[in-house]
1. How large is the helix-only mean residue ellipticity at 222 nm for the chain, computed as the sum of -39500 (n - 2.57) over DSSP H runs with n ≥ 4, divided by its residue count, in deg cm²/dmol to the nearest 500?
2. Would the range 313-384 count as rounded, prolate or oblate if I go by the C-alpha gyration tensor, calling it rounded below 1.5 in a/c and otherwise prolate when a/b exceeds b/c, oblate otherwise?
3. Would you pull out the residues with amide H under 5 Å of Val296's amide H, same chain only if 5 or more places away, H placed 1.01 Å from N?
4. Which net charge results for the neighbourhood of Tyr173, defined as the other residues with beta-carbon distances under 14 angstrom from its beta-carbon, given Lys and Arg at +1 and Asp and Glu at -1?
5. Where the centroid of each part is defined by its Cα atoms, how far is the range 24-78 from the range 245-296 in Å?
6. May I ask you to evaluate 6.51 cos²θ - 1.76 cosθ + 1.60, the Karplus curve with θ = phi - 60°, for each residue of the range 7-15 and list the ³J(HN,Hα) values in order in whole Hz, giving x for glycine and proline?
7. Convert each backbone phi in the range 94-104 into a coupling constant with the Karplus relation 6.51 cos²θ - 1.76 cosθ + 1.60 (shift: θ = phi - 60°), then list the ³J(HN,Hα) values in order as whole Hz, x for Gly and Pro.
8. Could you derive backbone 3J(HN,Hα) for the range 347-354 from the dihedral phi with the Karplus parameters 6.51, -1.76 and 1.60 (θ = phi - 60°), listing whole Hz in sequence and x where the residue is Gly or Pro?
Amino acid sequence: MEQVITSERVPIKLWLSDMEDGALQQAKNLANLPFAFRHIAIMPDSHQGYGMPIGGVLATEDVIIPNAVGVDIGCGMCSLKTNQQELDNPILKKIMGIIRKTVPVGFSHHDGKQEEKWMPNVTQKLPIVEQEYEAARSQVGTLGGGNHFIEIQKGSDGFVWIMIHSGSRNIGYTVAKHYNQKAKELNKKWRSEVGNDLAFFPEDSQEYADYISEMEYCIEFALNNRKLMMERVKSAFSEVLPDVEFSGFINKPHNFAERENHFGKNVWVHRKGATRAREGELGMIPGSQGTPSYIVRGKGNKESFESCSHGAGRIMSRTKAKKTLSVKEQSKALEERGILHAIRSQSDLDEAPGSYKDIRKVMSLQKDLVDIELELEPLAVIKG
């Protein structure tokens, strides 16, 4: 931990020394919530989000806050180890070409509905999920945009790995927007002093139960989304490399709320751009498409509510990156290292390595949260 701020209702514990003003104010807003429990934990990749800083961890007593989970419910990462030790560029290009044909990216969906087995079962009344269910069957197994990626990596263990970052697509977005709007309406009716960006449901409300049920469905959908994409990536590998084998699947969400026991109390832990890191628990912390990613093992640090960063974190906004970074310079740096990258034009610069914090510094700031198991260097990247 780098510093503790004690000027607010509960302390703010930060695993970074410099935090942008907007994100710091959001952290203070969290710390002054009447139901914030114990303290606020801010991870080293933190930056300003909507209502709550990305890389923030908030524990609450008896309430849940839709916007403290965010619009991409269940967004997270998964990784898989292969038995391959070397992949030359022609092989990589063949694999990547097949992936691009079988995994829609950006706003694209599948032309047809995917098998129903990829949709989690609806076992209770879930109005927004039921409304979006059929459309979601064309979206499961799709990457989306922004910082979502499919990356082929070379591990420090000598083997090639696959890592995927994606979330719950439109079904999660629709659930999040619906319940955040409902929370804002109710908070206004109750004349709550909590701002709209952190509008909440108390546990004795029907909306509290409804949101939790639909959120948990979206978390499961996001996992299935990543699993189906991983199956398509595995098929691409197998088509090019008949002897390939896979092992060691790891999945970790980083936009979710879960009922957990901390400091002797059952609380709702909201992680928005933060990963759970219980003692011995495996997880992933990616860098950017030009920097390493890491397989990590949690230390179960109580002060972070057993959490760690979910990535490197942005150092500049998407708009600023597109205005100030150079396509030529960013792509050249990747090409010199032999990385098959996703920077083609000015519009791609929001995901250039230069728009992210130094992942090695981020990792050094959380040595008390995780141990590094493996370092994974990027070989080839698909971005949304």
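Where a number appears in this text, it was derived from the coordinates with a stated rule and is not lab data. Note that the structure is a prediction, hence the values are computed from the model and not measured. Note: ideal-geometry Cβ built from the backbone for every residue, glycine included; neighbour counts use all protein chains shown.
1. Working: 8 runs with 114 residues, N = 384.
One gets -9500 deg cm²/dmol as the mean residue ellipticity at 222 nm.
2. Details: a/c = 2.55, a/b = 1.49, b/c = 1.71.
Verdict is oblate for the range 313-384.
3. Answer set, sorted by chain and number: Gly283, Met284, Ile285, Glu373.
4. Values: positive: Arg169, Lys177; negative: Asp72, Glu132, Glu214.
Surrounding charge for Tyr173 is -1.
5. Each part's Cα centre sits 15 Å from the other's.
6. Using θ = phi - 60°, the values come out as 7, 9, 4, 10, x, 10, 9, 10, 9 Hz.
7. Couplings: 5, 4, 5, x, 5, 4, 4, 7, 10, 10, x Hz.
8. 5, 8, 5, 5, 10, 6, x, x
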